[in-house]
1. Which one of these is within 12 Å of the ligand (Cβ to nearest atom), modelled with pLDDT of 95 or more, within 17 Å of the chain's Cα centre (by Cα) and more than 15 Å from residue 149 (Cβ to Cβ): 114, 66?
2. Look at the stretch 69-102 and say how many of its residues are closer than 14 Å to residue 131 by Cβ, more than 12 Å from the ligand (Cβ to nearest atom) and either under 19 Å from the mean Cα position of the chain (by Cα) or surrounded by fewer than 21 Cβ atoms within 10 Å (Cβ to Cβ) (or both).
3. All but one of (1) more than 11 Å from the ligand (Cβ to nearest atom); (2) touching a Gly at 6+ places or on another chain (Cβ under 8 Å) hold for residue 105; which doesn't?
4. Can you tell me which residue in the stretch 5-45 is farthest from residue 156 (Cα to Cα), limited to those that are assigned to a helix (DSSP H, G or I) and either of a type in the set (Val, Ile, Thr) or in contact with a helix residue (DSSP H, G or I) (Cβ under 9 Å, 6 or more places away or on another chain) (or both)?
5. Can you tell me which residue within the stretch 115-154, out of those that are of a type in the set (A, V, I, L, M, F, W, C), within 17 Å of residue 171 (Cα to Cα) and out of contact with any His (no Cβ under 9 Å at 6 or more places or on another chain), is surrounded by the fewest Cβ atoms within 10 Å (Cβ to Cβ)?
6. Here is a check on your reading of the model: is residue 313 surrounded by 14 or more Cβ atoms within 10 Å (Cβ to Cβ), over 27 Å from residue 199 (Cβ atoms) and in contact (Cβ under 8 Å) with a residue 12 or more places away in the chain?
7. Tell me which residues, restricted to the stretch 39-62, are more than 13 Å from the ligand (Cβ to nearest atom) and of a type outside the set (A, V, I, L, M).
8. Filtering the stretch 210-250 down to residues that are hydroxyl-bearing (Ser, Thr, Tyr) and buried (at least 22 other Cβ atoms within 10 Å of the Cβ), which residue is modelled with the lowest pLDDT?
Amino acid sequence: MKSFTYSGSPARIVFGSGRSNDVASSVEALGCKQALVLATPHQKSDAEALSERLGALSVGVFSGAVMHTPVEVTEMALKVVAETGADCVVSLGGGSTTGLGKAIAYRTDLPQVVIPTTYAGSEVTPILGQTEGGRKTTVRNASILPEVVIYDPDLTLGLPVGMSVTSGLNAMAHAVEGLYAQDRNPVSTLMALDGLRAFKDSLPVLVNSPEDTDARAEALYGAWLCGTVLGTVGMALHHKICHTLGGSFDTPHAETHAVMLPYTAAFNAEAAEQELAAAAELFGGSIDGGLWDFANSIGAPLSLKEFGLVEADLDRAADIAVENPYWNPRPIDRTSIRTLLQNAWEGVRPD
Ligand code: NAD
């Protein structure tokens, strides 16, 4: 065993069917009395129902959260925080809503209770990605990490199958990159492997039975594990490429992760053979072909061209992806990244 440093995230995790009913006690346990409930426009009515359940502990709902946390939306939400005298936020939704709660906490230090309804994993990371003037920047700060996360699988029963698949693969990408992270530790590796196993077991069940409560719980458990890995250790080429495609070409977040994962795993398969061996075992002995077959079997998108990206974009994407690269087990050069993008654009099975 090599030497390592392990820093656990100081968050309280509440897990289980029906546990979102504990939201009032979670708010009170933080010493708060005036929660502002956050959501996207799409989940407004769920947020209003939650606000009603909170009763006197809620000062209302702000349902303007959108993808990539634009600063203008954060400023609108901050006005509502000031007007209502909110002393905490309750974020109900996926990564976009959690991002808004984090952006508020970063500026005000208000405590956050997050109730995730996708598998993105943002709720257990101290990382905030936000956009201003079309540019995405990322900040990492202790004040960004939510204080309480309530994982209630009942709230994911309605997550459409397509989103369950891509969001699950998004989470799995955190785990795969966590396995070869330079700063990995034995605990992050345990979490990454069990996170991958949880999704490998649950996603095929959810495709056929989206309301299977056991599979929903297993997937949400996987989301917690994979998200924790994302929040604890450094990410590599896969995340750099997805940030490039999402940030500069506006490709959809979870779907881009889903398409890219087998290709970035293929790129690193040899350089990180030992680190990926247990994960490869889970997917039939080959991390890249195995992940592609798994994604294919659950109906995931398989090529970048499905998102309207045109072949002519790939040159610029390769240029941006190799600028200020994240550490990666296999050295990065522009030619091989361009080839990797070409394969992912076409959807050719890696082997
Ligand atoms: P999302 O939050 O944008 O959700 C997509 C849509 O699905 C929204 O309209 C949402 O309201 C809806 N939705 C969510 N849960 C639902 C449910 N159970 N049933 C029906 N509809 C539901 O998508 P996401 O993939 O969770 O989050 C993506 C965002 O999160 C991106 O901006 C990404 O950068 C960010 N993110 C950040 C981190 C981090 O650590 N900072 C980690 C992962 C993702």
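1. Values: 114 fails: more than 15 Å from residue 149 (Cβ to Cβ).
So the residue among 114, 66 that is within 12 Å of the ligand (Cβ to nearest atom), modelled with pLDDT of 95 or more, within 17 Å of the chain's Cα centre (by Cα) and more than 15 Å from residue 149 (Cβ to Cβ) is 66.
2. The first filter runs over the stretch 69-102 and keeps only residues closer than 14 Å to residue 131 by Cβ, leaving 69-75, 95-96, 99-100, 102.
Subsequent filtering for residues that are more than 12 Å from the ligand (Cβ to nearest atom) retains 71-72, 74-75.
From what is left, the residues that are either under 19 Å from the mean Cα position of the chain (by Cα) or surrounded by fewer than 21 Cβ atoms within 10 Å (Cβ to Cβ) (or both) are 71-72, 75.
Adding up the residues that qualify gives 3.
3. Failing condition for residue 105: (2).
4. Of the stretch 5-45, the ones assigned to a helix (DSSP H, G or I) are 19-29, 41-45.
Checking the rest, the ones that are also either of a type in the set (Val, Ile, Thr) or in contact with a helix residue (DSSP H, G or I) (Cβ under 9 Å, 6 or more places away or on another chain) (or both) come to 19-21, 23-24, 27-28, 43.
Values: 19: 13, 20: 12, 21: 15, 23: 16, 24: 20, 27: 22, 28: 25, 43: 12 Å.
Applying the filter and picking the extreme gives 28.
5. Narrowing the stretch 115-154 to residues of a type in the set (A, V, I, L, M, F, W, C): 115, 120, 124, 127-128, 139, 142, 144-145, 148-150.
Checking which are within 17 Å of residue 171 (Cα to Cα) leaves us with 115, 120, 124, 127-128, 149.
Going one step further and asking which of them are out of contact with any His (no Cβ under 9 Å at 6 or more places or on another chain), we end up with 115, 124, 127-128, 149.
Values: 115: 27, 124: 25, 127: 16, 128: 24, 149: 25.
The residue in question is 127.
6. Numbers: surrounded by 14 or more Cβ atoms within 10 Å (Cβ to Cβ): yes; over 27 Å from residue 199 (Cβ atoms): yes; in contact (Cβ under 8 Å) with a residue 12 or more places away in the chain: yes.
Spelling it out, residue 313 is indeed surrounded by 14 or more Cβ atoms within 10 Å (Cβ to Cβ), over 27 Å from residue 199 (Cβ atoms) and in contact (Cβ under 8 Å) with a residue 12 or more places away in the chain.
7. Answer for the stretch 39-62, where residues must be more than 13 Å from the ligand (Cβ to nearest atom) and of a type outside the set (A, V, I, L, M): 48, 51, 52, 53, 55, 58, 60, 62.
8. 244
The values are calculated or read from the model by the stated rules, or taken from the named source; none is laboratory data. Since the model is a prediction, treat every value here as computed from it, not as a measurement. No Cβ is skipped: glycine too gets one built from the backbone with ideal geometry, and neighbour counts run over all protein chains shown.
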